[in-house]
Amino acid sequence: MRLCVFCGSSYGVRGVYRAEAEAFGALLAEREIELVYGGAHVGLMGALADSVLARGGRVIGVIPQALLAREIAHSALTQLHVVDSMHERKALMASLSDGFVALPGGIGTLEELFEVWTWAQLGLHGKPCALFDIDGFYSGLATFLDHVVAQGFLRPKQREGLIVETDAQALLSRIVHACPEPTNE
């Protein structure tokens, strides 16, 4: 199984974000779940990848040529794909993955998750999408999404399709149970 993880290229202001990203990476390696991510060596992205690699796990990075230097591409990955654009990055990450998780991050992280969640809503894939709500990071967003449902702009079924968990073990269990057959590309 391969899981695409979207997260920040910085660590954020609270140490818990990095600690939980590293613990999540350890859990992925322990469960032999391959990581697909943005290919950087910095921030939560780098901490997550390093954690998986340190435990013998497989990590596939996808980075656009324009971000190769800015995000400091990770040099020790199992595979690193360098692509021409952000659109290619997201499309390749999606095609390589069996599910999607967002750890804390900024607008790029949210944009990536919302795009694949939208694709699921449109029936373009049946892969699970999830928020790992580390220490309440996404609680405001989850409340807002409930408001969007209440205001009639999102169907309850689509809202329920976004997994939100505060515990990594519970998150992975829900994703694994919601996953279609694994990708073997």
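How far, in nm, would the chain grow between LEU141 and GLU32 when pulled straight, counting 0.36 nm per residue and subtracting the alpha carbon separation?
On the way: separation 109, 0.36 × 109 = 39.24 nm, distance 3.02 nm.
Between LEU141 and GLU32, full extension yields an extra 36.2 nm.
Work out, step by step, the length gained on full extension between SER10 and LEU110: first 0.36 nm times the residue separation, then minus their alpha carbon distance; give nm to one decimal. All intermediate terms of the calculation are to be shown ahead of the outcome.
Working: separation 100, 0.36 × 100 = 36.00 nm, distance 1.44 nm.
Separation in residues times 0.36 nm, less the Cα-Cα distance, equals 34.6 nm.
Have a look at HIS74, HIS41, HIS87 and tell me which one the Gaussian network model of the chain (Cα, springs below 10 Å) gives the largest fluctuation.
Residue with maximal mean-square fluctuation among HIS74, HIS41, HIS87: HIS87.
Taking the Cα centre of the chain as origin, work out the dipole magnitude from +1 charges on Lys and Arg Cβ and -1 charges on Asp and Glu Cβ, in debye rounded to 20.
Here the size comes out at about 120 debye.
Suppose only helical runs count, i.e. DSSP H with n ≥ 4. What mean residue ellipticity at 222 nm does that imply for the chain under -39500 (n - 2.57) per run, divided by all residues and rounded to the nearest 500 deg cm²/dmol?
Calculated at 222 nm, the ellipticity per residue is -13500 deg cm²/dmol.
Angle, helix 86-96 long axis vs. longest principal axis of the chain, Cα atoms, 0 to 90°, nearest 10?
Relative to the chain, helix 86-96 is tipped by roughly 90 degrees.
For the chain, modelled as a GNM with alpha-carbon contacts under 10 angstrom, which of VAL16, VAL116, VAL36 fluctuates the most?
Ranking VAL16, VAL116, VAL36 by mean-square fluctuation puts VAL16 first.
Would you mind checking the tilt of helix 15-30 against the longest principal axis of the Cα atoms of the chain, expressed as 0 to 90 degrees and rounded to 10?
80 degrees
Tell me the GluC sites (Glu not before Pro) within region 66-116 that lie in a loop according to DSSP and have at most 12 other beta-carbon atoms within 10 Å. Please report the intermediate quantities before stating the final value.
Details: sites: GLU71, GLU88, GLU111, GLU112, GLU115; in loops: GLU71.
Of the GluC sites (Glu not before Pro), not one in the loops of region 66-116 has a Cβ with at most 12 other Cβ atoms within 10 Å.
Please build a GNM for the chain, connecting alpha carbons under 10 Å apart, and tell me which residue among LEU28, LEU172, LEU124 fluctuates the most.
LEU124
Taking the 0 to 90 degree range and rounding to the nearest ten, how far is the long axis of helix 139-150 tilted relative to the main principal axis of the chain, both from C-alpha atoms?
Compared with the principal axis, the helix lies near 40 degrees.
Output the antiparallel fraction of DSSP beta bridges having both residues in region 2-178, as a percent to the nearest 5. Please report the intermediate quantities before stating the final value.
On the way: 1 of 23 bridges.
Bridges in region 2-178 that DSSP calls antiparallel: roughly 5 percent.
Rule-based calculations on the coordinates, nothing more; no lab input. Worth saying up front: this structure is predicted, and the values here are computed from it rather than measured. A quick note on method: Cβ atoms are made from the backbone with ideal geometry, for glycine too, and the neighbour counts reach across all protein chains shown.
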